[in-house]
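Report on one structure; see the data block that follows.
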Amino acid sequence: MTEYEVVIGLETHIQLNTQTKIFCSCKADSWEQPPNTNICPVCTGLPGVLPVPNEAAVEKAVILATAMHAEPQSLSFFDRKNYFYPDLPKGYQITQYDRPIAVGGYLDLPMPDGRTRRVTINKLHLEEDAGKTKNEKGKRYIDFNRCGVPLVEMVTNPDIRSADEAAQYLTRLRQLLRWLGISEADMEKGHLRCDANVSIRPKGSAELNTKTEIKNVNSIDAVRSAILVETERQIREVESGGEIKPWTLDWDDNRKSLHKMRSKETEADYRYFREPDLLPVHLDDDWKERILADFPELPLARRQRFMDTYALPEYDAEVLTSERSLSEYFEAAAQAYGGDAKQVSNWLMNDVMRMLNDANIPASQLRLRPEHLAEILKLVDAKAINNAIGKKLLKKVEKSGKSPAEIVEAEGLAQVSDDSAIREICQKIIDSNPAEVESCRSGKESLIGWFVGQVMREMRGKADPQMARQILSELLKQ
Ligand code: ZN
Ligand code: MN
């Protein structure tokens, strides 16, 4: 039996989070606005109007290109792509064709088995979005709100070899877009859209066979499922002596199945030509330098640095760099603490991240600042407070905005490590629980934990639990 491998290329459209549309001053994001209320003569293509390019869209595209290791071009052009469709009022889309804003590039994917897969990009170009059509009860409705929203289109080479790698590519791309702050990258809202080109071939073969194109996948899970379903179908088809036809397929996420939309036309005649109403984009060195002045360290580089500099396990480094503000929070806390960074990571990944999830805010919006977390860890290290009180302090600081030391002072939370004070309470607990003392002395040593619990309760959680345990076992042995 032949073993097959799948060959996948992904075409992504990324909505840039500019204030205004790419060629007019309508708001760029009209997600929640009623249909056809966020439009003007420019984005609806009325005669006699002129487009004006949005500088911010160019700048965000250059930031993305740089992060994708692509080469931003010092000179690029806008072109008209002509086709007729009801949601395209001008009869053409302004896009870039043979002279795009950037060429080349790649995205590295760290895979679970430790390998890194490099997915290369052919080019990256700017374009305007079209409107939306909606079919309802036999009628077709058109909403032009989305016309002219700035997009970057980015197409990978056929480098991807499994549905998991495709999912990984989208996960890393989404992380990167949010990290750079240039797109909300929400697939469900269409800020990040993806079509997948899929073909199969015998494993080891280098040829590219006829591919199908999967459209309308609006989550990463859906992309993974659709590719799996389509790969299986193609293998069945080929195994039964059939032939793969260059179909365009529509993914139905409820039924988890693909439907043929249309046979794909051979490279349609879009009659591309230069957009006569727009000047070329001159990206000179000065402008490029200004755009990239605050270019951040990228997630994968930071992930590696966290492993090297702070001796974090790969898992921790991955979680802490999943989001930029979380990674910055970790680093600020680790530096303020100065001790074992793994401690900071543990507290962050457990307690602090739970607080973030509950409140649904990024780390940068916590009132519990990185310095506060470091201070709590130092108090625990110095045995000024115990671990349990430390965890409670996280929430108290978040709620009040006061410093940990202030709260410890005001609420009398300091750990009691005074031998005679703890000994006194231990004796009291022993005296008032003769039955438990009896079973403990006759061999049920696990009861010691219960005694520690009683002492902690009596001392409102402030006793040094190790000291309490020591004194208790000493007294219980008598
Ligand atoms: Zn407009
Ligand atoms: Mn496009």
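Please enumerate, by chain and number, the lysines with C-alpha under 21 Å from the C-alpha of residue 211, excluding those fewer than 8 residues away in the same chain.
123, 203, 245, 256, 260, 264
Just the projected area, averaged over all directions, of the convex hull on the alpha carbon atoms of the stretch 337-468: how many nm²?
Directional mean of the projected Cα hull area for the stretch 337-468 stands at 9.6 nm².
DSSP loop (so not H, G, I, E, B), at most 13 other Cβ within 10 Å: list which GluC sites (Glu not before Pro) in the stretch 382-463 pass both filters.
Within the stretch 382-463, the qualifying GluC sites (Glu not before Pro) (loop, at most 13 other Cβ atoms within 10 Å) are 445.
Taking the Cβ of residue 145 as the center, what net charge do the other residues with Cβ under 11 Å away carry, scoring Lys and Arg +1 and Asp and Glu -1?
Once positives and negatives cancel, what remains is -1.
Within the chain, which complete DSSP H helices have Cα atoms spanning at least 15 Å along the helix axis and a mean Kyte-Doolittle hydropathy of 0.0 or higher? Please list the in-between numbers first.
On the way: long enough: 55-67 (18 Å, 1.08); 163-180 (26 Å, -0.33); 220-239 (29 Å, -0.12); 299-310 (16 Å, -1.15); 324-337 (20 Å, -0.39); 370-381 (17 Å, 0.23); 387-400 (20 Å, -0.69); 419-431 (18 Å, -0.07); 447-458 (17 Å, 0.68); 465-477 (18 Å, -0.13).
Membrane-span-like by this criterion, though nothing is claimed about a membrane: 55-67, 370-381, 447-458.
Output the pairs from 342/428; 27/81; 395/477; 402/428; 27/396; 395/444 with a Cα-Cα distance over 32 Å in this structure; if there are none, say none.
On the way: 342/428 39 Å; 27/81 24 Å; 395/477 39 Å; 402/428 36 Å; 27/396 41 Å; 395/444 37 Å.
Violating the 32 Å Cα-Cα cut-off are 342/428; 395/477; 402/428; 27/396; 395/444.
If you count only protein heavy atoms and use a 1.4 Å probe, how large is the accessible surface of residue 29, to the nearest 10 Å²?
70 Å²
Please list the three semi-axes, largest first and in whole Å, of the ellipsoid equivalent to the chain, using sqrt of 5 times the eigenvalues of its alpha carbon gyration tensor.
Each semi-axis is the square root of five times an eigenvalue, giving 58, 28, 21 Å.
In square nanometres, what is one fourth of the surface area of the convex hull spanned by the alpha carbons of the stretch 108-171?
6.6 nm²
Determine the order of 441, 99 by accessible area, beginning with the largest, at a probe radius of 1.4 Å.
Working: 441 120, 99 95 Å².
Putting 441, 99 in descending order of accessible area: 441, 99.
Under the Kirkwood approximation applied to all pairs of distinct alpha-carbon atoms, what is the hydrodynamic radius of the stretch 299-411 in Å?
Hydrodynamic radius (Kirkwood, Cα only) of the stretch 299-411 equals 14.1 Å.
What percentages, rounded to whole numbers, describe P(r) for the stretch 1-109 computed over all alpha carbon pairs with 5 Å bin width beginning at zero?
Going from the shortest bin to the longest, the percentages are 2, 9, 15, 20, 18, 13, 10, 6, 3, 2, 1, 1, 0.
Computed on alpha carbon atoms, what radius of gyration and Dmax characterise the stretch 419-477, expressed in Å?
10.3, 30
In Å, what is the Rg of the alpha-carbon atoms in the stretch 302-357, and how long is Dmax?
In Å, with Rg to one decimal and Dmax whole: 10.0, 28.
What is the local net charge at residue 384, summed over the other residues whose Cβ is closer than 11 Å to its Cβ (Lys, Arg +1; Asp, Glu -1)?
Computed value for this residue: -1.
Summing Lys, Arg as +1 and Asp, Glu as -1, what charge do residues with Cβ under 11 Å from the Cβ of residue 134 carry, residue 134 excluded?
Net charge around residue 134: +1.
How high is the relative contact order of the stretch 258-387, given as a whole-number percent (alpha carbon pairs under 8 Å, six or more residues apart)? If you can, show how the numbers build up before the last one.
On the way: 73 pairs, mean separation 24.2, N = 130.
This gives 19 percent for the stretch 258-387.
Looking at the stretch 64-170, which chymotrypsin sites (Phe, Trp or Tyr not before Pro) are in a loop (DSSP not H, G, I, E or B) and have at most 12 other Cβ atoms within 10 Å?
84
Whose amide H sits under 5 Å from the amide H of residue 191, counting only residues 5 or more places off or on another chain, with H placed in the peptide plane?
Close amide H contacts, sequence-distant or interchain: 186.
Considering only protein heavy atoms, with the full assembly of protein chains and a 1.4 angstrom probe, order 31, 450, 247 by accessible area, largest first.
Numbers: 31 115, 450 90, 247 65 Å².
Ranking 31, 450, 247 by accessible area, largest first, yields 31, 450, 247.
Order the following by accessible area, largest value first: 393, 228. Probe radius 1.4 Å; ligands, DNA and RNA are ignored.
So the residues, ranked largest to smallest area, are 228, 393.
The values are calculated or read from the model by the stated rules, or taken from the named source; none is laboratory data. Predicted model only: the values in this text are computed from it and were never measured. A quick note on method: Cβ atoms are made from the backbone with ideal geometry, for glycine too, and the neighbour counts reach across all protein chains shown. We work out accessible area using only protein heavy atoms, side chains counted, and drop any ligands, DNA or RNA first. Shrake-Rupley method; radii C 1.70, N 1.55, O 1.52, S 1.80 Å.
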